[in-house]
Amino acid sequence: MILVDLLIILSTGVVFFLIANHLEIARQHAMVGGTKHACSRSRYRVESQLDGLLSRYNKGLLSEKQYCEQSDALIDQLADLLQEEAS
């Protein structure tokens, strides 16, 4: 009887420990993860815009000057986003 009680107490303690550990990890991801996902979305958006810009240039829809001006601005944005991700 005492053995069963001890096993129940032990299993209850393990369950509570696992729940607390899971909540702690979720809390840490919530603090850091939101910013990281927003940066990733912005990064992919800029990369997509660069791809579209290159496609329009290759099709002859943009002059070389327009392509250089627009791509420089997007590359600067991408560099800023990558610097934020690194820090």
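The values are calculated or read from the model by the stated rules, or taken from the named source; none is laboratory data. Everything numeric here is computed off the predicted structure, so don't read it as measured data. Here the Cβ is made from the backbone with ideal geometry for all residues, glycine too, and neighbour counts use every protein chain on show.
So residue 74 passes all but one of these: (1) exposed (fewer than 13 other Cβ atoms within 10 Å of the Cβ); (2) at pLDDT 85 or above; (3) not hydroxyl-bearing (Ser, Thr, Tyr). Which condition number does it fail?
(1)
When the stretch 25-56 is examined, which residues are found to be among the small types (Gly, Ala, Ser) and modelled with pLDDT under 85?
Residues satisfying the conditions are 26, 30, 33, 34, 38, 40, 42.
For the stretch 57-66, indicate whether the set of residues that are at pLDDT below 90 and under 30 Å from residue 87 (Cβ atoms) is non-empty.
no
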